[in-house]
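See below for the structure under consideration.
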Amino acid sequence: MSDSDLIPRAAGGDPAAFQALVERHRPMVYRVAYQFAGNHHDAEDIAQDVFLKVFRSLDRFRYDAQLTSWLYRIVMNACIDHRRRQKSGGWVPGEEAEGTLLNMPEESPGPEARAYGGEIGQALEAEIGRLPAGQRVIFIMRHHQGLKLTEIAEALGLAEGTVKRQLHAAVHRLRHALTRANVLASANGAAGGGA
Amino acid sequence: MTCGLLERGTIELYWYGELSQGERDEARRHLDRCLECRQALHDIEIIAAALAERPEVASPPGGDWSRFMAELSAAVAAEPRPKRTPPAESVTRAGRHRLVPYLASAALLALVTMSVFTLVRGRSATPPADGFRADVAMDVSFEARPPSLPDPALVSLSDQHFQRSKLVLLGLTTRDTAAPAAEDWEYERDLAATLLQDTRLYRRAVEEHGMTGLADVLRDLEMVLLQTSMSEGPDRESLEGIQRLIRRRDLLTRMSVVHAGGF
């Protein structure tokens, strides 16, 4: 049964139709949420939030739109909301915050994330975690989802120029953070001094 | 000194394959003679290669969705079914959140009705002297709905939305980009996020009414609110970009005109 068949049934209160929609789209939602959050705990929170929002909004879904595009936008907004809630709740300054974070397993990358990429991977993971939410979302959409800038702009309802600037800012920050950590320098050295 | 192409993000766009053929050829020629850009391109390749090793995780640990689905079912069961009419009694904050689309539509109706009423009644009235935009008023005047007085509470809701939106814009335009204060920026970002959904609903409804002038104002407002709510501060670059957008679109003046001319 297609999404366009399931949506009106789910909006009409058919739990089986809603469950079928969730089961069909949960891998995509979870994948994006995990890429954003870097751990299962937050990815599950975000995915729950997404499907609750979908449930609340099904009757307002416009049938001329693609469900996946609509869902994408909800996921990205949920990622940003999640980050904002984290920042506003219990963030403590300075060394205390660092200590809190180091002792907070939910905030650490999951085992899958920790396993990748060696020194560069670790430094990247840390810096991606520090990117502003908007930049992180756009960076993930481009790098991990492989979306074109026009598609990202469409999905997020942003001007393409804004997407370009945010992506540029994200890459700029990553390059500089890695250079500061001397990771790129050593990688370039290992690669024989660059292009 | 940083190369201009690198500063503008052209090298990243080259790597992402987002340049036109002509731009791409030009960037390739530039790369042949610019060491800094070649180095940046190489850095991006290293970053991309490392990111390619980042795992794709598309399910909870062990692929076990049972807990996730159980929690979702419980959360959904606790949700009231979406209602098309609002309850008569006062609502909680969470309840109000669910009623936002209704309230927004109702307030919009008030906005449209009030605009038409004001314009029909005041055809001969002197237009605002400051930056009056005729196209906005013309769009509103095309509405042929009977001019009945809207519910004052709904007019007040529309009014509050516009006032708060203007507050965000004023706050943003007066921020010092050289030293943006984190706490102020935070306030505007939070308020922008709160206003965004209603603005979007107003804009869509206005578009459906064919009021393109007002829709343009709301679309620009929506863009500013979205960019503001997505920014993390204090971020000088984002703030400057938003200030430029507000200035370029003359948004504060246009909002004042719409406000003064209708609701």
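The values are calculated or read from the model by the stated rules, or taken from the named source; none is laboratory data. Note that the structure is a prediction, hence the values are computed from the model and not measured. All Cβ positions, even for glycine, are placed from backbone atoms using ideal geometry, and neighbour counts span all protein chains on display. Keep in mind that these areas ignore ligands, DNA and RNA; they rest on the heavy atoms of the full protein, side chains included. Shrake-Rupley method; radii C 1.70, N 1.55, O 1.52, S 1.80 Å.
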Sort through B:Gln197, B:Gln243, B:Gln227 and tell me the only one that's open to solvent by 40 Å² or more (accessible area, probe 1.4 Å) and in a helix (DSSP H, G or I). B:Gln197
Yes or no: the stretch A:82-91 includes at least one residue that is outside any helix (DSSP H, G or I), at the interface with chain B (Cβ under 10 Å from one of its Cβ atoms) and either modelled with pLDDT of 80 or more or at negative phi (or both). no
Selection from the stretch A:143-161 of residues that are at the interface with chain B (Cβ under 7 Å from one of its Cβ atoms) and in contact with a helix residue (DSSP H, G or I) (Cβ under 6 Å, 6 or more places away or on another chain): A:His143, A:Leu149
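Modelled with pLDDT of 90 or more, facing chain A (nearest Cβ under 10 Å), over 30 Å from A:Ala17 (Cα atoms) and surrounded by fewer than 13 Cβ atoms within 10 Å (Cβ to Cβ): is that true of B:Leu35 in this structure? Walk me through it before giving the result.
Numbers: modelled with pLDDT of 90 or more: yes; facing chain A (nearest Cβ under 10 Å): yes; over 30 Å from A:Ala17 (Cα atoms): yes; surrounded by fewer than 13 Cβ atoms within 10 Å (Cβ to Cβ): yes.
Judged against the criteria, B:Leu35 is a match.
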Can you name every residue in the stretch B:38-83 that is exposed (fewer than 12 other Cβ atoms within 10 Å of the Cβ), more than 7 Å from chain A (Cβ to nearest Cβ) and within 25 Å of A:Leu174 (Cβ to Cβ)? B:Ala52
